[in-house]
Amino acid sequence: MILPHYPGQQEAIASAAGQAVALRGLTKSFDGRRVVDAIDLDVPTGSFFGLVGPNGAGKTTTLSMVTGLLRPDAGRAIVAGVDVWADPPAAKARMGVLPEGLRLFERLSGPEMLSYLGRLRGMPAQVVKDRATELISVLELADAGNKLVADYSTGMRKKITLAAALLHSPRVLLLDEPLEAVDPVSARIIRTVLSRYTAAGGTVVFSSHVMALVEDLCSHVAVIAAGKIIASGHLAEVRGSAASLDDAFLHLIGAADVGEGGLSWLGSSQA
Amino acid sequence: MVGIFASLKWRLVTSRLRATSGATRIWMIVGFVVAVAFVGLITVGLAALRSVPEAATPVVVTLFVVQLVAWVLSPLVAFGVDETVDPHRFALLPIRPQILQRGLLTASLIGYLPLANMVILFGAAVAIGVPWSVFPVALVCAVVQLITCVVLSRAASTSMSALMTSRRGRDLGMAVGFGIFVLYMGFVTLLNSGGDQTGVPAGASSLASALAWTPPGALASVPSLIAAGQLAKAGLAVLIAAATLALAWWWWSVALARSLTTVPSATAGSSPAGRGHEGHAVAIGVVGTMEVVAGRDRLLVWRDPMRRMPWLMIALLTILYPFLIVRGQGAVFAVAFGALLVGAQAGNQYGVEGSGLWLHLQTISDRVRARGEVFGHALAAIVPGTVILLIAVAIQAVWHDDYDKIPAALGVCFAALLGGIAVACFVSAAIPYAMPQSRTSLFASSVPGQKGRTFAASLSVLLGGAVIAVPAGIATVLSLTVAPVWGWVSLLLGLAVGGFALWLSSRLTADRYLERAPEIFAVVSAGDRV
């Protein structure tokens, strides 16, 4: 009998050399439905990596398993050479995380939250203070002063979470929809900070369903649909001969002519 | 249009029953039967007052006033219970305000609560409709009372709906909830203080005669005034009641029009945190982590009403309750009950963050920090808890001249406090449960589907804390029966056993948390949706 081959820990880590993030057979089911189906993925160190796919494709589930928030049913997630589920403290020290739709410590102000999280990571209080002040000024959150995070707008929340993710200078950033529902000014600030981070040698993995954004920002891209990776590599490779990433994406997931047919009554209302 | 509102509300009311099945449905039906029996009992009791006419009117006057106050305040305390309360749900539909108002009134009258009120009011009408010739008048008064309650309640909640969608408004709602709790405690204390048996009815009837000229009170006294032939007074009472209803209706229409045409700002009206508190402790080792975590908890207890209000309630209960349950000497020992409640404050330490727990999952992933976190949360409960207990024991000792019982009482209290906290910490990791994060009500403590879990966790904290206090309790018994020196043994035992329990709990809790963190996170994140 031939069993499916799941790599052992050492083997998986060895195969992940040179990769900032490596997923090996990562799997998760909810109620018998495979939401993430044995994903293998390599994210090269120093890349700006876009994870794209329609709603419900498994992007958030995958990122949650990589960040240690959701236990996988099978497979391994290796971040900066450390197996996330075998050695969580080491892995979590090397990653910065921005999840989607989760609360923060709402009754702290932005500076208080950064100070708390930095000191909780064991960083000296003065270093935390200096870095937090710099992050807050670069991310243009200084105007918020001591406002509670509960009263922040969506863009401000994303920015303070990004500040918390960058505070300990991690090697990899894992961002779930960092620019979703963010105003253009905040979006530009976030994009600039992320570009500076990758220019300094950091790796960014981020999920999105806005193709133009991914095409604009990313060096690499992976397309995920129905829990499987259906294309992955350099942006140019995935795009291929298509006019845009959008076209290539719709072709890949087999939804090229959606929204056609029917609705002939539309626009005929007399009211 | 009114019919559509009525059928919509009817579907909302019945869908809860239709959505359940099996055991849940049976328990719901049992609950209904109990509620019906309870309401029936009140109604029969009220109707029986008919034979005591001199008591009937004062009682019904008080009932009408309390009922109206309850209707007006309840949306502030438990906002969002009724989906038809929020006019914004209808803002985009092409409905004229007058029709909307009539529709909302109809919808508001359909439901379990209005039905129960209707039945009770029928009993009240029987009580005050003496002789039977004025019973129809009493019945009309009861109907007007119900409509006034609903209209005023809706007017208040509509004008507050913009406020209640903001953080500060909900914080205010929590403060009002606490105020109601204080009123309740005061009421109970008053009743229990007993005193002169003849004084109480006299006080109550003079209160009722003052209340008789408030709008609901006036309504309740109309039948007896007519029966007594005091038609001028009756006319005045009718005028007061009618004017109130008309004003309430007008207030509601104005509030409705305003709330349908203005968009509440999500961020305006929010307040800054005041001076920032950034702290200097660093999480190196268990002690450092404890300092960092306890520093944040202390800040949040001051700042977050969801954490502050329970402490105020506990302080009140711990200090007042011994007076209520124990008369005379020995009341110092009743303070131990408060100690258990303080212990419970360290409970569900992961659930209280909601999905914000992910920030701790990212930063607290080794055993040293996990233990430090447990000690940090424990410390944040031990410090205020100790202050409350010392004050409560001191008050009881001074009041009853019970100084010799202080060591034994402190022994039991510290054992219950530390033991309760120890168990609460472990139960936080073993039986975590979600806490509603929308803060719509101070009294909402569990989310749908986790009621059993919440109950099991709370019960094990109280029982576990009591068990850990047993050695100190035995020494206390010996101090009362054998020799007073056992009181000091009780104090030592309480601190030693409680302290050991906490030390052990920190290890077990940390292991459990590190093992099950993603599962704990999944359970407590459900609090975001409520």
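Within the stretch B:91-111, the set of residues being surrounded by 16 or more Cβ atoms within 10 Å (Cβ to Cβ) and not in a helix (DSSP H, G or I) comprises B:I95, B:I110, B:G111. Among the residues of this structure, B:L410 does not count as one that is farther than 29 Å from B:P484 by Cβ and more than 22 Å from the chain's Cα centre (by Cα).
Yes or no, residue by residue, for (1) closer than 30 Å to A:P170 by Cα; (2) in contact with a Gly (Cβ under 9 Å, 6 or more places away or on another chain); (3) buried (at least 24 other Cβ atoms within 10 Å of the Cβ):
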position: B:A331; (1), (2), (3): no, no, yes
position: B:F337; (1), (2), (3): no, no, no
position: B:A346; (1), (2), (3): no, yes, yes
position: B:G354; (1), (2), (3): yes, yes, yes
position: B:L359; (1), (2), (3): yes, no, no
position: B:Q362; (1), (2), (3): yes, yes, yes
position: B:V368; (1), (2), (3): yes, yes, no
position: B:G372; (1), (2), (3): yes, yes, yes
position: B:F375; (1), (2), (3): yes, no, yes
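Do we have A:V84 as at the interface with another protein chain (Cβ under 7 Å from one of its Cβ atoms) and touching a helix residue (DSSP H, G or I) at 6+ places or on another chain (Cβ under 6 Å) here? Taking the combined requirement at face value, the residue does not satisfy it. If I filter the stretch B:334-348 for residues that are more than 17 Å from B:A424 (Cβ to Cβ) and not basic (K, R), do I get at least one hit? Among the residues of the stretch B:334-348, at least one is more than 17 Å from B:A424 (Cβ to Cβ) and not basic (K, R), which makes the answer yes.
Scanning the stretch A:187-204 for residues that are touching a residue at least 60 places away in the same chain (Cβ under 8 Å) and within 16 Å of A:A164 (Cα to Cα) yields A:L194, A:G202, A:V204.
Every test in (1) in contact (Cβ under 8 Å) with a residue 40 or more places away in the chain; (2) within 24 Å of A:S137 (Cβ to Cβ); (3) not in a loop (DSSP other than H, G, I, E, B) is passed by A:G155 save one, and that test is (1). Of the numbered criteria (1) touching a strand residue (DSSP E or B) at 6+ places or on another chain (Cβ under 9 Å); (2) more than 9 Å from every other protein chain (Cβ to nearest Cβ); (3) closer than 30 Å to A:M211 by Cα, the one A:M95 fails is (2). Of the helices (runs of 4 or more DSSP H) entirely within the stretch A:164-239, those holding at least 3 residues that are within 13 Å of A:F48 (Cβ to Cβ) occupy A:184-199, A:211-217.
Applying the criterion of at least 1 residues that are among the aromatic types (F, W, Y) to the helices (runs of 4 or more DSSP H) found wholly in the stretch B:393-500 leaves B:406-430, B:451-468.
Residues in the stretch A:42-81 that are at the interface with chain B (Cβ under 10 Å from one of its Cβ atoms) and either under 13 Å from the mean Cα position of the chain (by Cα) or not basic (K, R) (or both): A:S64, A:M65, A:T67, A:G68, A:L69, A:L70, A:P72. Screening B:T244 with (1) over 17 Å from B:L63 (Cβ atoms); (2) β-branched (V, I, T); (3) at pLDDT 90 or above gives one miss only, at (1).
On the stretch given as the stretch A:98-107, residues that are at the interface with chain B (Cβ under 7 Å from one of its Cβ atoms), over 21 Å from A:G202 (Cα atoms) and either among the aromatic types (F, W, Y) or touching a Ser or Thr at 6+ places or on another chain (Cβ under 9 Å) (or both) total 4.
So that you can scan it fast, the table gives a plain yes or no per residue for (1) out of contact with any helix residue (DSSP H, G or I) (no Cβ under 9 Å at 6 or more places or on another chain); (2) in contact (Cβ under 8 Å) with a residue 24 or more places away in the chain; (3) closer than 22 Å to B:I128 by Cα:
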residue: B:T14; (1), (2), (3): yes, no, no
residue: B:T20; (1), (2), (3): no, no, no
residue: B:I26; (1), (2), (3): yes, no, no
residue: B:G31; (1), (2), (3): yes, no, no
residue: B:V39; (1), (2), (3): no, yes, yes
residue: B:T43; (1), (2), (3): no, yes, yes
residue: B:R50; (1), (2), (3): no, yes, yes
residue: B:A56; (1), (2), (3): no, yes, yes
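The values are calculated or read from the model by the stated rules, or taken from the named source; none is laboratory data. Nothing here was measured: the structure is a model prediction, and the numbers come from that model. Please note: Cβ atoms are built from the backbone with ideal geometry, for glycine as well, and neighbour counts cover all protein chains shown.
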